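Right, I'll just put the structure down here and ask away after.
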Amino acid sequence: MNQRILVSIAYIACRLIAGKKITSLYDTAEAMEIDVKQILDAEFIREFDETHKAGHTKGRMYEYKTSTGHPIEIFIDKRNFILHIKDSAAYFIGNVHKNNICFYNHKEASHFNYEIKAWSGESDKTTAPRFAPALSPNAGLF
């Protein structure tokens, strides 16, 4: 599978689910670190982020089409997602949990697991994932 497609799926899912941009992934199967900006061109990232900010999400279903690529549909339920590349048989099912994203490619019957090494907020300042729950000072006492 094309690494650009896999990193694109990871970027889109993390952006929509966690609300933050990923900047670096660690591919556990290949034992290698992936710099997202070396795989995804700046135009794709800018275009996706601008479209995402416009709030085109309809409930839990999100549709997106790049100016150069195939349109995608992504269904999101909490941290889980199903992503389908329109006009193809390709679809992926996965989830984003803490600093991991894993998904399964049904067309090729292959599994991918990435550890998210670096997150970036709107200001490009590295931060922890937005969905990590904050504990109150009294957590676990009652």
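The values are calculated or read from the model by the stated rules, or taken from the named source; none is laboratory data. Only a predicted model underlies this, so the values are computations on that prediction, with no experimental measurement involved. Positions of Cβ are generated from backbone atoms using ideal geometry, with glycine treated the same way; all protein chains shown enter the neighbour counts.
So, in the stretch 17-43, of the ones that are assigned to a helix (DSSP H, G or I) and at pLDDT below 90, which residue ends up nearest to PHE103 (Cα to Cα)?
Taking the candidates together, the pick is ILE17.
Residue-wise test of (1) surrounded by fewer than 17 Cβ atoms within 10 Å (Cβ to Cβ); (2) without any contact (Cβ under 8 Å) to a residue 60 or more places away in the chain; (3) in contact with a helix residue (DSSP H, G or I) (Cβ under 8 Å, 6 or more places away or on another chain).
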| site | (1), (2), (3) |
| --- | --- |
| ILE12 | no, no, yes |
| ILE22 | no, no, yes |
| ARG60 | yes, yes, no |
| SER67 | yes, yes, yes |
| PHE75 | yes, yes, no |
| ASN80 | yes, yes, no |
| SER88 | yes, yes, no |
| GLY94 | no, no, yes |
| ILE101 | no, no, yes |
